[in-house]
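Here the structure is laid out as structure tokens; the discussion comes afterwards.
The values are calculated or read from the model by the stated rules, or taken from the named source; none is laboratory data. Bear in mind that the values here come from a model prediction, so they are computed numbers and not experimental data. Cβ placement follows ideal geometry from the backbone for every residue including glycine, while neighbour counts extend to all protein chains displayed.
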Amino acid sequence: MRVCVVHDWLTLYGGAERVLAEILSLFPKADLFAVVDYLSETDRHHLGGKKARTTFIQKLPFARTLYPNYLPLMPLAIEQLDLSGYDLVISSSSAVAKGVIIHPDQRHICYCYSPMRYAWDLQEQYLKGKKKWLTRYLLHKMRLWDVSTSHSVDTFLTLSHFVARRIEKCYRREAQVIYPPVDVFDCTFQEKKEPFYVTASRLVPYKRIDCLVEAFRAMPGKTLFVIGEGPERKKLEKRAPPNVTFLGHLPRAELKSYLARASAFLYAAIEDFGIAPLEAQASGTPVIAYKKGGVVETLGLGGVFYEKQTAASICDAVDGYEKGVPIDPEVCRENALRFEPGRFRDQLMRSF
């Protein structure tokens, strides 16, 4: 059986690329395709050194850094890929990868991280600062294309029931939930905790680090370390009180140390799944999270939730956590182990 795997784009090694790496480990002889491939050699090592066959967008001006600006051309680009020689096509898609042209005798399985977020729930963010009338029209056309290409998929897989509901809403299709792999065995487990809190995230608006900053302004006796980089860093640092420290991007060993030693990991975003909280739990660290998104399905008994995405709600949650029954680090660890990579590979193989 000839197999190919189609990914949206390869620019950084993130959560979707972890899933891609596991798929390729199951099909090491599979050919890989993507809209563009600018992955560093260090990151490519996770994919077994495999390079993708790309589309014409790879050769367009400034595509390395400005590839999202070519989104309107991506449906045309992905449809130009010739996959006629393959028996099984696996798309790893949050944008356009599932839009490849499939023949009736081919099987198409899509691991869908979300229906195209640019065109659906992130439309208003994408419109900021642009020619809105033209962009609205283009996103309308993208939504139509996104729905029409869902018909070529034989089986939808997805990363949480939270996203499965979105797939049903947009495509009127059922999706089987296979939680993505978390590298829990790479985390450093530690039972003894230190009196500080930590969060790790890209510093972008929807991660709501601003809520955490304001919460710790109201809790001057407590310490928060923020790990990560992003366009919001300078603005957040200007607003931060003395008890909030921005550490930027840290080497993996230092990140693991902070996750293992922290009293708790704070999480304010609405995410489709959420790998960082599970890495904290794998380190024996409880999680204090906003009660919405994929984390509601994954947190188990290894943490507590707060109901509103506000500083006041976070303060109440931290206070309740400190006054409540201590959460056993072993409970956190056991919960995180449910998402180890071997489990993902087993469930994925059973879906083919």
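One residue stands out in the range 136-165 among those that are modelled with pLDDT under 90 and farther than 17 Å from V96 by Cα: the one that is surrounded by the most Cβ atoms within 10 Å (Cβ to Cβ), namely R136. Among the residues of the range 197-215, are any modelled with pLDDT of 95 or more, surrounded by fewer than 17 Cβ atoms within 10 Å (Cβ to Cβ) and not assigned by TED's automatic domain parsing to the domain that holds P115? No. Scoring G221 on the criteria (1) without any contact (Cβ under 8 Å) to a residue 24 or more places away in the chain; (2) assigned to a helix (DSSP H, G or I); (3) in the same structural domain as A280 (by TED's automatic domain parsing) leaves a single failure, condition (2). Within the range 108-135, if we keep just the residues that are outside any strand (DSSP E or B) and of a type in the set (A, V, I, L, M, F, W, C), the residue that is modelled with the lowest pLDDT turns out to be L127.
Evaluated against (1) outside any strand (DSSP E or B); (2) under 19 Å from T298 (Cα atoms); (3) in the same structural domain as Y111 (by TED's automatic domain parsing), I167 falls short on exactly one condition, (2).
Applying the criterion of at least 2 residues that are more than 21 Å from the chain's Cα centre (by Cα) and either loosely packed, with under 14 Cβ neighbours inside 10 Å or touching a residue at least 60 places away in the same chain (Cβ under 8 Å) (or both) to the helices (runs of 4 or more DSSP H) found wholly in the range 1-107 leaves 74-79.
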